[in-house]
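The values are calculated or read from the model by the stated rules, or taken from the named source; none is laboratory data. Quantities reported herein were computed from a predicted structural model and do not represent experimental measurements. Glycine gets a Cβ as well: all are built from the backbone with ideal geometry, and neighbour counts include every protein chain shown.
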Amino acid sequence: SQKIEQNSEALNIQEGKTATLTCNYTNYSPAYLQWYRQDPGRGPVFLLLIRENEKEKRKERLKVTFDTTLKQSLFHITASQPADSATYLCAYGGSQGNLIFGKGTKLSVKP
Amino acid sequence: NAGVTQTPKFQVLKTGQSMTLQCAQDMNHEYMSWYRQDPGMGLRLIHYSVGAGITDQGEVPNGYNVSRSTTEDFPLRLLSAAPSQTSVYFCASSFRVGDSGNTIYFGEGSWLTVV
């Protein structure tokens with residue numbers, strides 16, 4: 001069955017460092033991947049989308065890569081800040097177009 | 001423009017009771033869906049709709065019912081609540097579903113406890 005995995009449940013880093021989150025998928029070749037941010041008690045909020053023919057996408061301090069050979073997407077936050085602390089979810093469009101989500105990685109940025 | 005609005009925010013039900021979680025969007029989106037989020041399980045799709053009058057099952061549809069009589073509204077009904085349905089429920093919408101990768105907009109969630 002289609003599966004998407006975020007390898008780390010939690011990631012702790014120091015302020016100013018680059019956070020790198022990993023998303024792997026199996027048994028499917030998605031046309032795109034999306035990344036969302038979720039704060040405690042809130043709904044997920046869309047951050048970035050990257051398509052299969054795009055190697056890299058950037059938005060301010062955020063960067064996403066998509067490696068169809070490794071079946072992996074990396075999500076980077078450069079110059080991280082405590083305000084970046086949240087859970088980050090990756091998702092891809094399944095065969096019927098619905099989004100299939102990973103379980104998320106909880107990022108904690110320490111001052 | 002309110003986006004996706006869910007009510008109620010919090011609800012406690014007794015086993016066997018029924019209730020409806022309301023969801024409305026004002027963005028004229030074709031696609032609407034309901035997810036539940038449980039610790040360690042991530043977001044799982046319950047039901048979805050690609051337009052008024054059209055609904056379909058997601059990954060975990062048992063115990064839930066939906067209808068889509070208008071573009072704006074997509075209520076989720078629990079017919080006979082069970083403790084296993086204790087969860088956080090999110091309604092979501094997007095312009096349309098498909099491989100174009102449309103952004104999904106989520107509501108703020110409904111916390112449901114079944115005792």
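Miscellaneous remarks
- Any hit, the range B:50-69, residues being within 25 Å of residue A:5 (Cβ to Cβ) and among the hydrophobic types (A, V, I, L, M, F, W, C): yes
- You will find that of B:37, B:22, the residue that is farther than 19 Å from residue A:98 by Cα and assigned to a strand (DSSP E or B) is B:22 and no other.
- Verdict on residue B:84 being of a type outside the set (Val, Ile, Thr), assigned to a loop (DSSP other than H, G, I, E, B) and at pLDDT 95 or above: no
- The lone exception for residue B:50 - which of (1) β-branched (Val, Ile, Thr); (2) more than 9 Å from chain A (Cβ to nearest Cβ); (3) over 11 Å from the mean Cα position of the chain (by Cα); (4) assigned to a strand (DSSP E or B) it fails: (2)
- Hits in the range B:72-85 (condition: over 13 Å from the mean Cα position of the chain (by Cα) and surrounded by fewer than 17 Cβ atoms within 10 Å (Cβ to Cβ)): B:79, B:80, B:82, B:83, B:84
- Filtering A:21, A:89, A:74 for residues that are of a type outside the set (Gly, Ala, Ser), within 11 Å of another protein chain (Cβ to nearest Cβ), on the phi < 0 side of the Ramachandran plot and part of a strand (DSSP E or B) leaves a single hit, A:89.
- Selection status of residue A:79, on the phi < 0 side of the Ramachandran plot and either surrounded by fewer than 17 Cβ atoms within 10 Å (Cβ to Cβ) or polar (S, T, N, Q) (or both): no
- Verdict on residue B:32 being out of contact with any helix residue (DSSP H, G or I) (no Cβ under 6 Å at 6 or more places or on another chain), surrounded by fewer than 19 Cβ atoms within 10 Å (Cβ to Cβ) and aliphatic (A, V, I, L, M): no
- Taken as a whole, the condition of being modelled with pLDDT under 95 and crowded, with 19+ Cβ neighbours inside 10 Å does not apply to residue A:53.
- Number of the condition not met by residue B:44 [criteria: (1) assigned to a loop (DSSP other than H, G, I, E, B); (2) of a type in the set (D, E, K, R); (3) within 11 Å of chain A (Cβ to nearest Cβ)]: (1)
- Any hit, the range B:94-115, residues being more than 12 Å from every other protein chain (Cβ to nearest Cβ), surrounded by fewer than 15 Cβ atoms within 10 Å (Cβ to Cβ), in contact with a strand residue (DSSP E or B) (Cβ under 6 Å, 6 or more places away or on another chain) and of a type in the set (Ser, Thr, Tyr): yes
- For residue A:46, the stated conditions do not hold, so it cannot be described as within 30 Å of residue B:46 (Cβ to Cβ) and more than 10 Å from chain B (Cβ to nearest Cβ).
- Residue A:64, sole failed condition from (1) of a type in the set (A, V, I, L, M, F, W, C); (2) touching a Lys or Arg at 6+ places or on another chain (Cβ under 6 Å); (3) within 21 Å of residue A:27 (Cβ to Cβ): (3)
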